[in-house]
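Below is one structure, written out as structure tokens; the observations come after it.
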Number of protein chains: 2
Amino acid sequence: MKTLVRFALYLSCMLLPAGAVAQELQFASLGDFRLESGEVLRDCRVGYRTFGKLNPTKTNAVLFPTWASGTSEQLKSNVGSGRLVDDATYYVIAVDALGNSVSSSPSNSKLQPRMQFPRFTIGDMVHSQYEVVTKVLGLTHLRAVIGVSMGGMQAFQWSVSYPEFMDQVIPIVGSPQLAPYDLLHWQTQIDAIMNDRGWNNGNYTENPARAAEAEFGALLLTTPQHYNKQTTRARVFADLEKAKQESRFDANDKIRQDQAMMALDVTARFGGSMERTAAAVKAKVFVIVATTDHVVTPGPAIEFARLQQSKLLILDSDCGHQAPGCESKQVNQAVSDFLFTN
Amino acid sequence: MKTLVRFALYLSCMLLPAGAVAQELQFASLGDFRLESGEVLRDCRVGYRTFGKLNPTKTNAVLFPTWASGTSEQLKSNVGSGRLVDDATYYVIAVDALGNSVSSSPSNSKLQPRMQFPRFTIGDMVHSQYEVVTKVLGLTHLRAVIGVSMGGMQAFQWSVSYPEFMDQVIPIVGSPQLAPYDLLHWQTQIDAIMNDRGWNNGNYTENPARAAEAEFGALLLTTPQHYNKQTTRARVFADLEKAKQESRFDANDKIRQDQAMMALDVTARFGGSMERTAAAVKAKVFVIVATTDHVVTPGPAIEFARLQQSKLLILDSDCGHQAPGCESKQVNQAVSDFLFTN
């Protein structure tokens with residue numbers, strides 16, 4: 001089977017323009033994968049896509065993990081000229097985080113389906129990506145790890161899990177450790193799903209994650225000010241229904257990724273000291289946060305940046321967690337400059 | 001029965017210090033009460049408490065309706081010297097809004113229990129209060145209607161339902177018509193309750209309103225900034241559990257009051273024009289809002305104030321919907337001045 005796939009890829013390379021095939025979804029098989037908890041993910045697979053070309057000195061690889069509920073497919077629009085990472089310059093590895101419904105997840109695991117899928121951590125996501133990068137792609141170093149939201153959390157985790165492995169870490173609206181408000185928010189979403197009669201009926205016939213994703217997305221992804229500017233009283237419920245229909249994220253996947261974010265604490269191996277954590281980070285760090293972010297409130301990232309003397313960009317619009325999108329020109333340029341000059 | 005109660009009250013007046021008895025909960029029986037929808041609330045009762053004394057010219061009565069999920073009992077702490085309304089000067093009528101579990105509500109109606117209780121509007125609340133004020137208390141005029149949050153919505157509604165009936169209207173973090181974000185927020189809470197297996201199991205054995213009240217209260221009553229300053233990562237879940245235990249509001253009552261707020265639109269009888277609505281208001285209006293309010297976002301109240309040339313106080317802290325409490329000195333003084341001078 002593997003041989004067949006390889007052959008198919010090879011054949012495609014002959015027929016398609018350079019780079020086209022690399023962007024297709026590929027899977028790395030990690031076998032039974034031991035988690036930080038001691039539990040094992042059976043038959044662990046990690047999805048990824050690559051963009052651009054590795055240079056001869058192997059110094060231009062940038063790892064780009066997914067945000068919560070996001071996939072490497074969705075990262076595509078952030079790769080390219082004038083976008084977050086330019087694949088004309090960098091060899092970009094977009095990687096599907098555990099539990100995102102592409103990589104091993106409650107929704108696709110045959111041996112550990114749904115809530116039998118063990119809890120995993122942001123550290124486990126990062127470890128799985130390290131395996132892909134080193135054992136499958138054969139790299140010994142990364143130019144940078146860059147990520148947005150939960151991708152930014154993975155970037156922070158990379159900086160402490162593998163401090164020598166990359167030159168730079170760029171967490172965008174991410175966090176090294178969730179603030180109280182963020183813990184409350186994810187718990188509320190988990191409760192809404194777990195108390196739902198559609199999920200909690202013994203056979204998982206419905207998917208309340210759609211309502212949670214749509215409603216909490218609308219409530220918290222931007223700010224009330226921004227939301228009120230963007231819509232009208234008449235459109236609220238039609239918009240909400242549309243968002244529910246468009247949401248495809250599995251409730252069990254969502255629960256496990258939310259739990260991973262809640263468990264994140266990069267200071268854990270440093271006795272809970274953010275100061276000692278920051279001192280142990282070797283990479284040059286560029287922290288980007290938004291003051292009005294209600295999904296990943298910016299306090300812990302700002303504290304980390306202050307202690308680590310990271311470069312810090314504070315976005316200050318009413319776009320909240322979506323500020324990196326609303327202010328993409330500024331952010332993309334700042335990231336491009338940082339990647340280039342440091 | 002009524003005679004007995006009256007006698008008991010009379011007797012109590014002889015024995016207790018002036019004012020003490022008046023503050024006790026009393027009920028006005030309105031019989032079958034026709035709603036704006038055409039449906040009828042059977043055996044409608046409205047709870048109220050009075051504070052202070054009606055002056056000989058009957059010009060010092062101030063009506064004070066309750067906020068969402070609130071009771072006239074809870075308004076007590078806002079009445080007195082240095083508080084929102086001073087009962088040394090004013091005859092304060094604190095009134096329980098329909099559906100608040102004291103006045104006729106899904107939770108206490110024998111003839112129309114739970115979801116058999118018809119939907120009612122903010123206009124119905126105000127109409128029921130008009131009946132109490134005119135027919136039970138025998139007043140023909142009010143000095144003012146003052147209310148906080150849903151109480152402020154009732155104050156706005158009073159200004160259009162009975163424009164000649166009071167000199168002043170003081171809506172505090174209230175709204176004449178909910179903004180899109182507010183509609184979304186209440187619908188999310190209603191969905192969380194209605195999808196809950198504890199509520200939606202055919203026999204209403206559990207009360208998911210407690211979780212909704214506790215979680216959404218913590219998420220939206222202040223701001224993420226304020227929340228993160230007030231608590232710690234370690235305390236989040238203990239605080240949440242405590243709030244759930246302390247919440248006593250019935251899920252069905254909550255649904256009906258939330259629906260009443262969502263249906264509010266003081267412009268309805270003016271063809272949807274806020275301009276014509278504002279022009280029809282005779283009372284002097286003092287609008288108090290908070291810029292960071294995420295429960296009653298301030299846009300519509302500010303627009304009303306601008307069009308009606310109302311006095312306007314905009315609170316600007318990180319306290320959000322709780323700003324009138326956080327900045328009570330400023331608010332109480334401003335209200336006192338307004339009540340006195342206009």
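Scanning the range B:315-333 for residues that are within 17 Å of B:D293 (Cβ to Cβ) and under 20 Å from the mean Cα position of the chain (by Cα) returns B:L315, B:C319, B:G320, B:H321, B:Q322, B:A323, B:P324, B:G325, B:C326, B:E327, B:S328, B:V331.
Each row is one residue, and each column tells you yes or no for (1) assigned to a strand (DSSP E or B); (2) in contact (Cβ under 8 Å) with a residue 24 or more places away in the chain; (3) of a type in the set (A, V, I, L, M, F, W, C).
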site	(1), (2), (3)
B:G31	yes, no, no
B:P56	no, no, no
B:G70	no, yes, no
B:S77	no, no, no
B:S81	no, no, no
B:T89	no, yes, no
B:I93	yes, yes, yes
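Here the range B:275-295 is the region considered, the condition is being touching a residue at least 60 places away in the same chain (Cβ under 8 Å) and farther than 20 Å from B:V62 by Cβ, and the residue that is surrounded by the fewest Cβ atoms within 10 Å (Cβ to Cβ) is B:A280.
Checked against the criteria, B:V85 does not count as among the β-branched types (V, I, T) and within 14 Å of chain A (Cβ to nearest Cβ). Among the residues of the range B:224-252, just one is in contact (Cβ under 8 Å) with a residue 24 or more places away in the chain, among the aliphatic types (A, V, I, L, M) and farther than 23 Å from B:G99 by Cβ, namely B:L240.
Quick grid of which residues meet (1) closer than 21 Å to A:L75 by Cβ; (2) charged (D, E, K, R); (3) buried (at least 20 other Cβ atoms within 10 Å of the Cβ):
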residue	(1), (2), (3)
A:Y130	yes, no, no
A:G174	yes, no, yes
A:Q177	no, no, yes
A:D182	no, yes, yes
A:M194	no, no, no
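Can you tell me which residue is farthest from the chain's Cα centre (by Cα) among those in the range A:95-107 that are among the aliphatic types (A, V, I, L, M) and in a loop (DSSP other than H, G, I, E, B)? Per the criteria, the residue is A:V102.
Figure legend. Inter-residue proximity from the range A:119-139: first residues within 23 Å of A:S69 (Cβ to Cβ), second residues of a type in the set (D, E, K, R) and surrounded by fewer than 17 Cβ atoms within 10 Å (Cβ to Cβ), beta-carbon distance below 8 Å, spacing 6+ or different chains. Indicated pairs: A:R119/A:E39; A:F120/A:E36; A:T121/A:E36; A:G123/A:E36; A:D124/A:E36; A:H127/A:E36. Tallying residues that are within 27 Å of A:P163 (Cα to Cα) and surrounded by 22 or more Cβ atoms within 10 Å (Cβ to Cβ) within the range A:103-126 yields 8.
Residues of the range B:237-257 that are within 10 Å of chain A (Cβ to nearest Cβ) and of a type in the set (A, V, I, L, M): B:L240 alone. A:T277 meets the conditions (1) in contact with a Gly (Cβ under 7 Å, 6 or more places away or on another chain); (2) under 21 Å from A:H127 (Cα atoms) in every case but one. The failed one is (1). Filtered by the rule that a residue be crowded, with 24+ Cβ neighbours inside 10 Å and not aliphatic (A, V, I, L, M), the range B:138-164 gives B:G147, B:S149, B:G151, B:G152, B:Q154, B:F156, B:Q157, B:W158, B:S159.
In the range A:13-27, is there at least one residue being at pLDDT 95 or above, exposed (fewer than 15 other Cβ atoms within 10 Å of the Cβ) and acidic (D, E)? Give the derivation first.
Applying the first criterion (at pLDDT 95 or above) to the range A:13-27 yields A:24-27.
Filter once more, so that each one left must be exposed (fewer than 15 other Cβ atoms within 10 Å of the Cβ): A:24-25.
Then drop every residue that is not acidic (D, E), which leaves A:24.
Yes.
I'd like the residue in the range A:313-335 that is of a type outside the set (V, I, T) and touching a Phe, Trp or Tyr at 6+ places or on another chain (Cβ under 8 Å) and, out of all such residues, is farthest from the other protein chains (Cβ to nearest Cβ). Across the range A:313-335, the extreme among qualifying residues is A:A334.
Evaluate the following for B:N332: is it crowded, with 21+ Cβ neighbours inside 10 Å and of a type in the set (S, T, N, Q)? So B:N332 does not fit the description; no.
If you take the residues in the range A:225-252 that are under 25 Å from the mean Cα position of the chain (by Cα) and at pLDDT 95 or above, which one is surrounded by the most Cβ atoms within 10 Å (Cβ to Cβ)? Give the steps one after another, and end with the answer.
Here is the first cut: in the range A:225-252, the ones under 25 Å from the mean Cα position of the chain (by Cα) are A:226-227, A:240, A:242-252.
Those still in the list that are at pLDDT 95 or above too: A:226-227.
Working: A:H226: 19, A:Y227: 23.
Per the stated criteria, the residue is A:Y227.
All conditions in (1) away from chain A (no Cβ under 14 Å); (2) under 21 Å from the mean Cα position of the chain (by Cα); (3) surrounded by 23 or more Cβ atoms within 10 Å (Cβ to Cβ) hold for B:Q308, with the sole exception of (2). Report whether or not B:R276 is touching a Phe, Trp or Tyr at 6+ places or on another chain (Cβ under 6 Å) and more than 14 Å from every other protein chain (Cβ to nearest Cβ). Here the answer is yes, as B:R276 does meet what is asked. Remark: pairs (first residue in the range A:151-167, under 19 Å from A:Q322 (Cα atoms); second residue assigned to a helix (DSSP H, G or I); Cβ separation under 6 Å; 6+ apart in sequence or on different chains) = A:M153/A:I122; A:Q154/A:I122; A:Q154/A:M125; A:Q154/A:V126. Can you find even one residue in the range A:267-289 that is at pLDDT 95 or above and closer than 19 Å to A:H185 by Cα? Scanning the range A:267-289, I find at least one residue that is at pLDDT 95 or above and closer than 19 Å to A:H185 by Cα, so the answer is yes.
Here the range A:63-83 is the region considered, the condition is being among the aliphatic types (A, V, I, L, M) and within 14 Å of the chain's Cα centre (by Cα), and the residue that is nearest to A:S247 (Cα to Cα) is A:A68. Only one entry in A:A260, A:A301 is assigned to a helix (DSSP H, G or I), more than 14 Å from chain B (Cβ to nearest Cβ), of a type in the set (G, A, S) and surrounded by 15 or more Cβ atoms within 10 Å (Cβ to Cβ), namely A:A260.
The values are calculated or read from the model by the stated rules, or taken from the named source; none is laboratory data. Keep in mind it's a predicted model, so treat the numbers as computed, not measured. Cβ: placed from backbone, ideal geometry, glycine included. Neighbour counts: every protein chain shown.
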